[in-house]
Amino acid sequence: MTHVDDDQAVAVTRHWLERFVIGLNLCPFAAAPFRKDRIAYPVCDEVSLEGIYPVFLRTLETLVLSDPQKQETALLILTRGLSDFDDYLDGLSTLEQAVVDAGLDGVIQLASFHPDYCFDGVSHDDPANYSNRSPFPMFHLIREDGLEAALASYPQPESIPERNIQCLRDLGVSGIRDLLEKD
């Protein structure tokens with residue numbers, strides 16, 4: 001994807017969330033914060049992990065200090081950095097350690113999304129990979145207490161990954177691409 005400005009990055013991300021993640025119910029917990037406008041969408045145009053790291057720390061601090069009724073979660077969108085999936089995974093490991101170093105292990109959890117996401121041991125063209133594929137490399141910062149509450153009220157949350165895999169495989173790559181390209 002060519003470089004986009006912050007507003008475009010947020011618009012593309014919101015469209016992906018609404019049409020794909022919420023539309024296919026890949027994350028049954030995403031609709032409420034999306035509709036209540038409780039998701040923060042900080043955009044980072046830094047290229048290197050060294051530039052991304054302080055933006056991540058600010059995003060982490062902002063989320064932790066914010067009222068969950070106003071900011072429940074955050075998607076840090078990288079418009080230029082970590083476009084290589086292996087570099088992204090290295091960055092994810094570093095940022096997960098930053099959460100631990102900040103004393104927030106068990107408070108904040110990171111979920112990972114990348115345009116080239118590929119689960120270990122799965123073919124790159126397997127539609128199941130789309131459960132973690134996004135328009136840009138992203139780090140999803142999730143409040144663990146909110147996640148625990150959502151999981152407690154959802155019947156059989158352990159079935160979500162299998163259900164998503166089946167849904168995406170049933171759609172196939174061409175069906176997924178058609179869905180994502182619709183306005």
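Structural remarks
- Segment D120-E61, length gained on full extension (0.36 nm per residue, minus Cα span): 18.1 nm
- Think of a 1.4 Å ball rolled over the protein heavy atoms: the chain then has 53 Å² of accessible area per residue.
- Among the trypsin sites (Lys or Arg not before Pro) in segment 110-183, those placed in a DSSP loop whose Cβ has at most 10 other Cβ atoms within 10 Å are K182.
- Cβ-placed point charges (K, R +1; D, E -1), dipole of the chain about Cα centre in debye, nearest 20: 740 debye
- For segment 19-26, 3J(HN,Hα) per residue [Karplus equation, 6.51 cos²θ - 1.76 cosθ + 1.60, θ = phi - 60°, Hz, x = Gly/Pro]: 6, 9, 5, 7, x, 9, 6, 5
- In the complete set of protein chains, residue-level accessible area for D101 is approximately 110 Å², probe 1.4 angstrom.
- For segment 62-77, the Karplus equation 6.51 cos²θ - 1.76 cosθ + 1.60, evaluated at θ = phi - 60°, returns couplings of 4, 5, 4, 7, 7, 6, x, 6, 10, 9, 8, 7, 9, 10, 7, 9 Hz by residue, with Gly and Pro reported as x.
- Each residue, L151 and Q69, gets one label point 7 Å from its Cα in the Cβ direction; the gap between the two is 2.6 nm.
- The chain shape via C-alpha gyration tensor axes, a/c threshold 1.5: rounded
- Accessible-area composition of the chain, carbon plus sulfur, in percent [1.4 Å probe]: 50 percent
- Counting 0.36 nm for each residue step from L49 to E158 and taking away their Cα separation leaves a gain of 36.0 nm.
- Per-residue ³J(HN,Hα) for segment 151-161, Karplus 6.51 cos²θ - 1.76 cosθ + 1.60, θ = phi - 60°, Hz, x for Gly and Pro: 5, 5, 9, 10, x, 6, x, 5, 7, 4, x
- Scattering profile of segment 30-124 at q = 0.11 Å⁻¹ [log10 I(q)/I(0), Debye over alpha-carbon scatterers]: -0.34
- I165 contributes an accessible area of around 60 Å² to the protein surface, as traced by a 1.4 Å probe with all chains present.
- Residues whose placed amide H lies under 5 Å from that of T73, excluding near-sequence neighbours: A40
- The length gained on full extension between T94 and L24, counted as 0.36 nm times the residue separation minus their Cα-Cα distance, comes to 22.1 nm.
The values are calculated or read from the model by the stated rules, or taken from the named source; none is laboratory data. For clarity, every value in this text was computed on a predicted model and none was experimentally measured. Cβ sites come from the backbone with ideal geometry, for glycine too, and all protein chains shown count toward neighbours. Heads up: the accessible areas ignore ligands, DNA and RNA and are worked out on the full protein's heavy atoms, side chains in. Shrake-Rupley method; radii C 1.70, N 1.55, O 1.52, S 1.80 Å.
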